[in-house]
Amino acid sequence: MSRPLYQVKADFFKTLGHPVRIRVLELLSEREHAVAEILPDVGIEAANLSQHLAVLRRAGLVVTRKEGSTVFYSLTSPHVAELLAVARQILTGVLSGQVELLEDLRTASTSTSERQRRGGPTA
């Protein structure tokens with residue numbers, strides 16, 4: 001019996017559910033990178049990075065190419081970079097809405113404080 005598509009999608013998003021993996025994918029969205037090039041940008045130990053890269057490889061999001069003793073990683077599809085760009089757009093919209101809400105709350109708070117100082121109702 002095959003797994004439902006929603007379960008497969010949930011597992012896919014779980015794979016993306018770590019900041020190191022997102023950062024690695026962002027770097028690889030620019031170009032292929034050797035492991036040594038990725039390390040300074042993610043700020044973790046090489047063994048830990050290797051584990052994250054293995055998760056991304058098993059999920060089919062990255063592939064490797066070996067040149068001598070150097071292993072290069074790249075995205076399997078430009079759609080991965082597109083997904084990250086769409087996520088950025090969504091977050092920009094969400095955060096913009098939160099900024100507007102915060103401004104509204106500050107305005108309301110200022111108005112309430114003004115009314116309180118004048119002795120008026122604060123409803």
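The values are calculated or read from the model by the stated rules, or taken from the named source; none is laboratory data. All values reported here derive from a predicted model rather than from experimental measurement. So basically every Cβ, Gly included, is an ideal-geometry build from the backbone, and we count neighbours across all protein chains shown. All accessible areas refer to the heavy atoms of the entire protein, side chains included, with ligands and DNA or RNA removed. Shrake-Rupley method; radii C 1.70, N 1.55, O 1.52, S 1.80 Å.
Summary of values
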| quantity | calculated |
| --- | --- |
| Flag for Ala34 being out of contact with any Leu (no Cβ under 7 Å at 6 or more places or on another chain), small (Gly, Ala, Ser) and surrounded by 14 or more Cβ atoms within 10 Å (Cβ to Cβ) | no |
| So Glu26, is it open to solvent by 70 Å² or more (accessible area, probe 1.4 Å) and either touching a residue at least 24 places away in the same chain (Cβ under 8 Å) or farther than 20 Å from Val8 by Cβ (or both) | no |
| Candidate set from segment 66-94 (those that are closer than 13 Å to Leu28 by Cβ and polar (S, T, N, Q)); member that is most open to solvent (accessible area, probe 1.4 Å) | Thr76 |
